[in-house]
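The values are calculated or read from the model by the stated rules, or taken from the named source; none is laboratory data. Everything numeric in this text was worked out from a predicted model, so none of it was measured. Counting neighbours? That spans all protein chains shown, and the Cβs are built from the backbone with ideal geometry, glycine included. Calculation scope for accessible area: heavy atoms of the full protein, side chains included, ligands and nucleic acids excluded. Shrake-Rupley method; radii C 1.70, N 1.55, O 1.52, S 1.80 Å.
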Amino acid sequence: MSKLKESFILNVAFPLADKLMGTCAMKWYRQICKMNTWSRDEISNWQNSQLQAFVKHAYNHTVYYKRVFDELGLKPENIRCAEDLKQLPFINKDVVCEHFDEIVPDNLKQYRFRKSRTGGTTGEPMYYYCDENTWGYVTANKIFSWKTTGYHYGDAFVALGSASLFPEKRNRVRELYDKLRNEHGLNGMNLSDEVCKKYVNYICEKHIKYIYGYAASVYLLSKYVAENNIDMTFVEAVFTTSEKLTAEYRQLIEKTYKCRVMDCYGAKDAGITAFEIERGCFNIGYNVIAETINNIDKNTGTLLTTNFLNYSFPMIRYDFGDEASLSENDSFNGQIITEVVGRSSDVMRLENGRNVTGPGFTILMKPYDIVAYEAKKLGKLSVELRIQPDKEKYSKEQEQAIISKFHQYIGDDCNLSVVYVDHFEPLKNGKRRYFMN
């Protein structure tokens, strides 16, 4: 029955909705299905063609990029492939905020677009425009990727999160498509045992077979299910997003539901979506050319993206604050992320040449009796470690062991201070900027 329902939605209801709303998700869905059969060279040629047209648009219609090209003595025709992008400077949120009006193209009215903003989790929010072409591609890529788990579009799923997953103010387009995809939004910000019990009862009563949400939120719900010996093996797939899916999170989730866990990565302002089709490999959407700079290892560093579909607000080599590892393999004809290290603010680059990442913290803190922790760089050679200890088990000996181990990561010449807290508050959007054991 789900296949018949999916067929009706994808072939009748969704195309009709696209026509009514001026969107193009189904056009891109069919294109992605086709492109997934192409060779790597065919994908590269298509991307290069799209990139050339995009760069020409940015030069001819924005004040900012015309000035950048002219100052460098470049013309649009100098940028013909991904490698050529390195001739241009990257931009970040500070640049966008400072030059917003200059990045807006003079022919903006030709495009259907929405004004969006970043969440502001690492600073002031940044405003930008996102056109329907990008929205259509991202939506289509999600449909295509989720289907690889056996999910059929229109099957009911629970979304555990907050503002970024189901904002309070929805536009007509979002409301319509939410109805088509059968999403059941549940607030995942404060998952007490009482709230978890309520959500588990809801999922069981409606026999919802798919769970989607912030990695930490899904983990906490799964922890409740496991601790109370609740059988929810009817769940067929779990999709995690927005936060790093640690090995501990994944292990518990898989053990609890005995199903596939697909980690999903994305950043709306960067136009990037990447799905873990093969374990440990996130297939990046064809609409983006990705690269890394400030590398802490081979092909591992600050992620830059060029989303060549967003003509309403062109951003070339955009640094949106994430660190990742890029690669290629034989199972996918595009680019692959092999590891999402985390936010750039979660990667400490110390003046003594040491680089410490979130996964390193996770491995270091795993043996100790702590509830949660957060590490911050305070100065060139100064780090503060904030710990929420398990008051019944944590000891002074563990503190000394942590300090000793931490210095192996940050160096003996780096000052380390330890601060104890009663709890960590999640950010306003429900995400957590620390790693929970």
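Of the strands (runs of 3 or more DSSP E) lying entirely inside the stretch 236-295, those carrying at least 1 residues that are under 14 Å from the mean Cα position of the chain (by Cα), buried (at least 24 other Cβ atoms within 10 Å of the Cβ) and in contact (Cβ under 8 Å) with a residue 12 or more places away in the chain are 237-241, 272-278, 281-284. Of the residues making up the stretch 135-164, those that are open to solvent by 10 Å² or more (accessible area, probe 1.4 Å) and in a loop (DSSP other than H, G, I, E, B) are GLY150, HIS152, TYR153, ASP155, ALA156, SER162, ALA163, SER164. Within the stretch 1-24, if we keep just the residues that are outside any helix (DSSP H, G or I) and in contact (Cβ under 8 Å) with a residue 12 or more places away in the chain, the residue that is farthest from ASN78 (Cα to Cα) turns out to be GLY22. For the stretch 195-223, give me the residue count where each residue is aromatic (Phe, Trp, Tyr) and modelled with pLDDT of 95 or more. The total comes to 4. Is it fair to say GLU6 is out of contact with any helix residue (DSSP H, G or I) (no Cβ under 7 Å at 6 or more places or on another chain), open to solvent by 60 Å² or more (accessible area, probe 1.4 Å) and among the acidic types (Asp, Glu)? In short, no. I'd like to check something: does the stretch 191-198 contain any residue that is buried (at least 16 other Cβ atoms within 10 Å of the Cβ), assigned to a helix (DSSP H, G or I) and without any contact (Cβ under 8 Å) to a residue 40 or more places away in the chain? Yes, that holds for at least one residue. Considering only residues in the stretch 411-433 that are aliphatic (A, V, I, L, M) and at pLDDT 85 or above, the one that is surrounded by the fewest Cβ atoms within 10 Å (Cβ to Cβ) turns out to be VAL419.
Only residues that are surrounded by fewer than 18 Cβ atoms within 10 Å (Cβ to Cβ) and either under 20 Å from THR305 (Cα atoms) or touching a helix residue (DSSP H, G or I) at 6+ places or on another chain (Cβ under 8 Å) (or both) were counted in the stretch 67-76, giving 4. All of (1) at pLDDT below 95; (2) under 20 Å from SER145 (Cβ atoms) hold for GLN47 with one exception: (1).
Of all the listed residues (LYS34, LYS27, LYS109), the sole one being assigned to a helix (DSSP H, G or I), within 26 Å of the chain's Cα centre (by Cα) and free of Cβ contacts under 8 Å to residues at least 40 places away in the same chain is LYS34. Restricting attention to the stretch 381-401, the residues that are assigned to a helix (DSSP H, G or I), touching a residue at least 24 places away in the same chain (Cβ under 8 Å) and surrounded by fewer than 15 Cβ atoms within 10 Å (Cβ to Cβ) total 1. Selection of strands (runs of 3 or more DSSP E) fully inside the stretch 305-380 by the criterion of at least 1 residues being over 30 Å from VAL288 (Cβ atoms), open to solvent by 10 Å² or more (accessible area, probe 1.4 Å) and at pLDDT below 85 returns 370-379. Considering the stretch 81-118, the residues that are among the basic types (Lys, Arg) and out of contact with any helix residue (DSSP H, G or I) (no Cβ under 6 Å at 6 or more places or on another chain) include one that is most open to solvent (accessible area, probe 1.4 Å), namely LYS109.
In the stretch 204-227, the residues that are under 18 Å from ALA156 (Cβ atoms) form Cβ pairs under 7 Å with partners that are open to solvent by less than 40 Å² (accessible area, probe 1.4 Å) and acidic (Asp, Glu), at six or more places apart or across chains, as follows: LYS209/ASP155; TYR210/ASP155.
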